[in-house]
Structure formats: C-alpha cells, structure tokens
Amino acid sequence: MNWRLPTALLVSLLGIALGGCVSSKVEQLRQSGQTVMVGVDESVVVLGRRHRGDRESEASFNRCVADSLQQRRLSIYSEQQFVDALFPWLEPRTAPVSADALNNLFDRPDIAQRLRATGVRFLVWVDGETEKIDGGGSMGCAISPAGGGCLGFGWWEKESKYEVSIWDVHNRSAVGKITVNASGTSYMPAIIVPIPMIARTEAAACAGIAGQVGELLAPAARPTRNSHPPPG
C-alpha cells in the first residue's frame, strides 16, 4: 500500500484545522452615549476610501463589513450603487480623501438631492489596508520517479489597520469613530506537503469593526400588523 496518500491527506487536514495566531485591538469613540436607531425606510452604506495614487481600502474588506452588518438586520445599500448614484464625485480621480471632506461634499444641493434619493441615512467610511510587514524562511520541492514532496519552512506577518467613521448624512453629524489594529503571523511548514497555517487578520478586523458599528447603529423595530381589525 502506498503510504504517501493517507499521510498527505492527514497533513492537509491538519493545515485546515490549524491557523496562525492573531491579536487585535479595537477602540471606539462615540459622540453620544446612546445607540442610534436606523429607521425602517433608511439604510446604511459601507464606503471605502477611493483615491488614485494613494492608499485605498480593499473592496473585499468593505464587503465583509457590509455583510456582517446585514447579518445584524441593518439595511445595507450597495457600495457600487451608491458610487454610481453620485457619479462622478466618488470616482477615484475626484473622490474625497477624508470623511470630513466627504461630508462637506454632501452640502452641495445637487449632491444632497441625489443622496436623499438613495435612502441612505448613515455612511460607514472605511480607510485603511492590510499589508505584509515581515517574512522569511525557505522551501524546496522536488519530483522523482519514487514520488515528490516539499521540505522547508516559511512565515510571514501581516497587519490590518483600519479607521472607520460613521456619519449621519441627514444631520451632517458624526455618530462615532472606530479604529482597529489586527496583526498575526502565518506559517507554512512542509514535510512532503506544505501545511498553511494562516493568520486571518482581515477577518479579525472585519469582525471587530462590525461589532462596534453594531453597538452604534441598531435597526428600529418594524411595526407589526394587527391580525384582528379593531372593534367597530
């Protein structure tokens, strides 16, 4: 019996089960001590910083935050639809580079009219990125008539740093600000088969942001219909 197949399968399953270590720090600054209610006809948009030639928040990270907020029963307006509705003011060549500049843009009567048409009440502005900050190790792979495999060890460290501002675009006021810093080291040991042990810093940062936004914004209770008409 060829023992390499079950060994490779075992090693692959071990890699899936294991993960790199992640540490995260989340801070919240809220303007008021109370949670703000999002009305039944209002929605929230998660908008990443978009600026040509400068740092941009990743689209996949913004979708993660939006999906997480939607799971908290908040009505989410598509980022792309929002960008299209305000075209061309949110295109990379013209987009504001800060949350304050974006809020000032909404003071324009023509932009304010487009904004009202979307039904968006709250804007979650995401600024930041995930980047590799260190790494090392070496690995070699070979194939021979008797079989093949890899031998070695590699590692890399990633950091996810984001700053999020939450704005009430109707009242032109800040609801709160959130900062998150998640870092972790991923490993790739290889004995026959490489074993990825990934530190999911983006997922940790996304969960931290969504949790804090969920404390700042909450969906208003929807009115219930009375199944029995009132007595005449």
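Remarks
- Residue that is of a type in the set (A, V, I, L, M) and closer than 19 Å to residue 162 by Cβ, where the choices are 38, 97: 97
- Top-ranked residue in the stretch 111-160 [being within 27 Å of the chain's Cα centre (by Cα) and of a type in the set (Val, Ile, Thr); ranked as nearest to residue 98 (Cα to Cα)]: 126
- Looking only at residues of the stretch 99-130 that are touching a residue at least 40 places away in the same chain (Cβ under 8 Å), assigned to a loop (DSSP other than H, G, I, E, B) and not aromatic (Phe, Trp, Tyr), we find that the one that is surrounded by the most Cβ atoms within 10 Å (Cβ to Cβ) is 119.
- Any pair with Cβ under 8 angstrom, 6 or more apart, that starts in the stretch 140-154 at a residue that is part of a strand (DSSP E or B) and ends at one that is of a type in the set (Phe, Trp, Tyr): 153/187; 154/187
- Residue match in the stretch 50-65 (condition: part of a loop (DSSP other than H, G, I, E, B), in contact (Cβ under 8 Å) with a residue 12 or more places away in the chain and surrounded by 19 or more Cβ atoms within 10 Å (Cβ to Cβ)): yes
- Filtered residues of the stretch 148-192 (kept if crowded, with 17+ Cβ neighbours inside 10 Å and of a type in the set (Val, Ile, Thr)): 164, 166, 169, 175, 178, 179, 180, 185
- Any hit, the stretch 11-26, residues being modelled with pLDDT of 50 or more, within 17 Å of residue 170 (Cα to Cα) and part of a loop (DSSP other than H, G, I, E, B): no
- The set of residues in the stretch 177-201 that are over 17 Å from the mean Cα position of the chain (by Cα) and either of a type in the set (Lys, Arg) or in a strand (DSSP E or B) (or both) comprises 185, 186, 187, 188, 189, 190, 191, 192, 193, 194, 197.
The values are calculated or read from the model by the stated rules, or taken from the named source; none is laboratory data. From a predicted model like this one, the values you see are computed outputs, not experimental measurements. No Cβ is skipped: glycine too gets one built from the backbone with ideal geometry, and neighbour counts run over all protein chains shown.
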